[in-house]
Amino acid sequence: MRRSRAPIESLLPCLAFALLTIVARAPLRAAEAPAAGMQEGYAALQANDLPKAAKAFQSVVDRDPGNGEAWFRLGLAQREMGRYDAAITSLGSALAKGYAPPLATTSLAITYVAKKDYDKAFEYLERAVKLGVQPGVLQTHPGLAAIREDPRFKPLLAAADKASHPCENDPRYRAFDFWAGEWDVYVSGQLAGTNVIERVSRACALLENWSGGGGVGKSLNYFDPADGKWRQDWVGDGGQVIHYVGEAADGVMRMAGESHLPNGVKQLARGTWTRRPDGSVHQLLEGSRDGGKTWNVGFDGIYVKKGSPPPASP
């Protein structure tokens, strides 16, 4: 289930405070002096004492110039105090130290918005989109409200959404889309059941919902970018589980794997889904109990769009 996202920056003080409560239990050694400044800064942020927070984080970067998080926190405090040029310098230092590039870059854009330098703000927003900033941040962060009606904003938001949801635009994830839809399923010319194949998770997977023959079952079908393979995991109400792995090409999905019966018996399984010229789909499922020497047909059906006439033979 997708969960709503708060603006990234609004979450950080809470996380910092959680860290503070843990670290505060241990005595500080001399080598841990920069951490003490961080703790003071976190506490000041919680108290909304921005000058004190800025002073604490400044003390950290003075002693430890490589602390990217301290530069970032300093920049946020400076921005909220209206010290925009100082904030830009501090946030730029955080970015140079490699601290959370999407966040630091977006924060620089927000600072330029506050400074009313909208051209520079869009320059950094373009960088942030390329770095993977979430579209929800662009849509909801109050620091970007002043530029949301700018004609440059909408294309950036669309680009961020596209980058955050690659499955909708990557043909590898869409190779099995020919199976998506609401179907009547026929075996030997007789209606055997119905199947609803839904695109889910923003087109990153297909969810099968089978009903027929007195039983029901579901499968999750998805492309795994790690190895370039498709997978299907089926669970029927009778306890059978099937795990498939395969590939799609030219309107045909071929998968192979194992079927696990409720009694623990395993057998080889394979399936082929073929898109027919009229848009119907031929599904052939087979099993082997002798290690693949012989194969038995377990299901041989034709999918037609729900309410359509029965199909011709394969």
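The values are calculated or read from the model by the stated rules, or taken from the named source; none is laboratory data. For clarity, every value in this text was computed on a predicted model and none was experimentally measured. Cβ coordinates were reconstructed from backbone atoms using ideal geometry, including for glycine residues, and neighbour counts include every protein chain displayed. The accessibility values were calculated without ligands, DNA or RNA, using every heavy atom of the protein model including side chains. Shrake-Rupley method; radii C 1.70, N 1.55, O 1.52, S 1.80 Å.
Quick check on this structure: which one of ASN221, ASN209 is within 21 Å of LYS305 (Cα to Cα) and touching a residue at least 40 places away in the same chain (Cβ under 8 Å)?
Matching residue, one of ASN221, ASN209: ASN221.
Determine, yes or no, whether GLU198 is among the acidic types (Asp, Glu), under 19 Å from the mean Cα position of the chain (by Cα) and either assigned to a strand (DSSP E or B) or over 25 Å from TRP234 (Cα atoms) (or both). Working first, answer last.
Working: among the acidic types (Asp, Glu): yes; under 19 Å from the mean Cα position of the chain (by Cα): yes; either assigned to a strand (DSSP E or B) or over 25 Å from TRP234 (Cα atoms) (or both): yes.
So GLU198 fits the description; yes.
Of the residues making up segment 50-96, those that are open to solvent by 60 Å² or more (accessible area, probe 1.4 Å) and either touching a strand residue (DSSP E or B) at 6+ places or on another chain (Cβ under 8 Å) or more than 15 Å from LYS115 (Cβ to Cβ) (or both) are PRO51, LYS52, LYS55, GLN58, ASP62, ARG63, PRO65, ALA96.
Looking only at residues in segment 276-298 that are in a loop (DSSP other than H, G, I, E, B) and under 16 Å from TRP179 (Cα atoms), the one that is most open to solvent (accessible area, probe 1.4 Å) is PRO277. In segment 235-253, is there at least one residue being open to solvent by less than 20 Å² (accessible area, probe 1.4 Å) and more than 30 Å from the chain's Cα centre (by Cα)? Within segment 235-253, not a single residue is open to solvent by less than 20 Å² (accessible area, probe 1.4 Å) and more than 30 Å from the chain's Cα centre (by Cα). Does THR111 satisfy the criteria of being open to solvent by 60 Å² or more (accessible area, probe 1.4 Å) and out of contact with any His (no Cβ under 7 Å at 6 or more places or on another chain)? When the stated conditions are applied, THR111 does not pass them.
Of ARG127, ARG174, all but one fail to be within 17 Å of SER201 (Cα to Cα), modelled with pLDDT of 95 or more and out of contact with any strand residue (DSSP E or B) (no Cβ under 8 Å at 6 or more places or on another chain); the exception is ARG174. I'm trying to understand the selection: among the residues of segment 36-77, which are part of a helix (DSSP H, G or I), over 13 Å from ALA94 (Cα atoms), of a type outside the set (Gly, Ala, Ser) and without any contact (Cβ under 8 Å) to a residue 24 or more places away in the chain? Correct list: GLN39, GLU40, LYS52, LYS55, ASP62. For TYR99, the requirement of being over 21 Å from ALA44 (Cβ atoms), surrounded by fewer than 22 Cβ atoms within 10 Å (Cβ to Cβ) and not charged (D, E, K, R) is not met. If the condition is being buried (at least 18 other Cβ atoms within 10 Å of the Cβ) and without any contact (Cβ under 8 Å) to a residue 60 or more places away in the chain, then segment 158-179 contributes ALA160, TYR173. Among all positions in segment 256-268, there is no residue which is assigned to a strand (DSSP E or B) and in contact with a Pro (Cβ under 9 Å, 6 or more places away or on another chain).
Could you check, for segment 299-313, whether at least one of its residues is in contact (Cβ under 8 Å) with a residue 40 or more places away in the chain, part of a loop (DSSP other than H, G, I, E, B), in contact with a Gly (Cβ under 7 Å, 6 or more places away or on another chain) and open to solvent by 30 Å² or more (accessible area, probe 1.4 Å)? So that I can check it myself, show each step before the final result.
Restricting attention to segment 299-313, the residues satisfying the condition of being in contact (Cβ under 8 Å) with a residue 40 or more places away in the chain are 299-308, 310-311, 313.
Subset that is part of a loop (DSSP other than H, G, I, E, B): 306-308, 310-311, 313.
If we keep only those that are in contact with a Gly (Cβ under 7 Å, 6 or more places away or on another chain) too, we end up with 310.
Narrowing further to those that are open to solvent by 30 Å² or more (accessible area, probe 1.4 Å): 310.
Yes, that holds for at least one residue.
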